[in-house]
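The values are calculated or read from the model by the stated rules, or taken from the named source; none is laboratory data. What you are looking at is a predicted structure, and each value in this text was computed from that prediction instead of being measured. Positions of Cβ are generated from backbone atoms using ideal geometry, with glycine treated the same way; all protein chains shown enter the neighbour counts. Areas reflect the complete protein model, heavy atoms only, side chains present, ligands, DNA and RNA absent. Shrake-Rupley method; radii C 1.70, N 1.55, O 1.52, S 1.80 Å.
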Amino acid sequence: MPQPRFTTEQLEELNILCLYNLDTTQEGIKVHSNAAPEAIAAAGRLYTKGLVTQADGGYMTPLGREAAQHAQDLLGLLAPADLTT
């Protein structure tokens, strides 16, 4: 049985979610039309899934905020360990 893995599309979506500032609900993002096609597509998928308010980013929905929190927590957990301490 194959092991579950993040798809390329899911990784792109996680990268978009990591761009959001979790310290405020008053700050969104905009994925511009000249951004990488993968980022534009990822933002659109997040919108379709109800995680953000606009197809080009916008603000996080409550579900999007939860997803962004998990994505950013996971990114922090997977960060290289500081071996100098």
- Query: Of the heavy-atom accessible surface of the chain (probe 1.4 angstrom), what whole percent is carbon and sulfur?
  - Reply: 59
- Task: May I ask which residue of Gly50, Asn15, Ala71 lies farthest towards the positive end of the charge dipole of the stretch 8-78, with charges of +1 (Lys, Arg) and -1 (Asp, Glu) on Cβ and the Cα centre as origin?
- Result: Gly50
- Query: Taking 0.36 nm per intervening residue step and subtracting the Cα-Cα distance, what contour gain separates Ala35 from Asp82 on full extension?
  - Reply: 13.7 nm
- Springs between alpha-carbon atoms under 10 Å, Gaussian network over the chain: tell me which of Gln54, Gln72, Gln26 tops the mean-square fluctuations. Gln26
- Note on the structure: Given unit charges at Cβ for Lys, Arg (+) and Asp, Glu (-), the dipole magnitude of the chain about its Cα centre in debye, nearest 20, is 200
- Item | Per-residue [θ]222 nm for the chain (sum of -39500 (n - 2.57) over DSSP H runs n ≥ 4, rounded to 500) | -14500 deg cm²/dmol
- Residue span Leu19 to His70: 0.36 nm per residue of separation minus Cα-Cα distance leaves a gain in nm of 17.1 nm
- Task: Please work out the average accessible area per residue across the chain, using the 1.4 Å probe convention, and give it in Å².
- Result: 73
